[in-house]
């Protein structure tokens, strides 16, 4: 499933590819993709004639913003958007097509068929599912050590499932939680409410550093993810612990271990992330060196360059 850096990369590339285009008509071939409204024909008819003004993101959800409507889209496991000429063959598993007046099309392809779309009036999307109960945005200015501490510090659950809970902090999935906990030197099974202020500060900075680097690298192409120009994300080359079970820890040389926490495969270094909550760890050394992670400027748009079959997937 795409996490925040991958969805942010999709947002940026889609912004350059579809903003300013006018929807002539919409074709839905797999009705269950559309969750709101219930009537597929209503969905198709309401979108016709609207101009795409911007592409936003809330957590792992895309917000395609139009003049008078907002489409909330979740890619789930294998969702992919691509811009094509209308005379190009439609690939298998293409379930929704937005036909533009300029002779191009935005096509949504989903092999696993788990993706969803919800249509709202502007602003209405934040008060309804699936966005209504989402937590802090870790790359937003409102995300601070204090707001993070308030969201996490009293939770009795283990810290890894707490970070995966989208009602506390959004956008973090399995990859980036493992990476952040490693940077912070925190064992994934420690109860969230057992972390002291220093550990929470380290974890806050580790989350920022990890997500910032991942966004700059275009996300991580662990499976099928590519960006709007058909290019793979490169952050998988910088992973320090995720997927490296049995390999030497890049920090101390001890083998990386894998276990299951909260039903999710979890990678950690038993030395750098001691189960007793010791104060060692890569993030502590990085913080002491004076390097502080800052959120990237998420308003930047991708190039509008388009080519045949330039799918956006995750």
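What length, rounded to one decimal in nm, is gained on full extension from residue 101 through to residue 167, with 0.36 nm per residue of separation minus their alpha-carbon distance? Write out the running numbers ahead of the final one.
Working: separation 66, 0.36 × 66 = 23.76 nm, distance 3.90 nm.
Extra length available between residue 101 and residue 167 comes to 19.9 nm.
Counting DSSP beta bridges in segment 1-141, what percent are antiparallel, to the nearest 5? The partial results should precede the final answer.
Values: 33 of 35 bridges.
Of those bridges, close to 95 percent are antiparallel.
If contacts are Cα pairs under 8 angstrom and at least 6 residues apart, what is the relative contact order of segment 4-133 in percent? Walk me through the intermediate numbers first.
Working: 265 pairs, mean separation 36.4, N = 130.
So the answer I get is 28 percent.
Find the all-direction average of the projected area of the Cα convex hull for segment 63-142, expressing the result in square nanometres with one decimal place.
On the way: hull surface 27.2 nm².
Its average projected convex-hull area is 6.8 nm².
Using the C-alpha atoms of segment 4-133, what convex hull volume per residue, in cubic angstrom, is computed? Before the final figure, lay out the partial values.
Numbers: hull volume 12.3 nm³, N = 130.
Spelled out: Cα convex hull of segment 4-133, divided by residues, is 94 Å³.
Values quoted throughout were computed directly from the atomic coordinates according to the rules given, and no laboratory measurement underlies them. Predicted model, so just to flag it, every value in this text is computed and none were measured.
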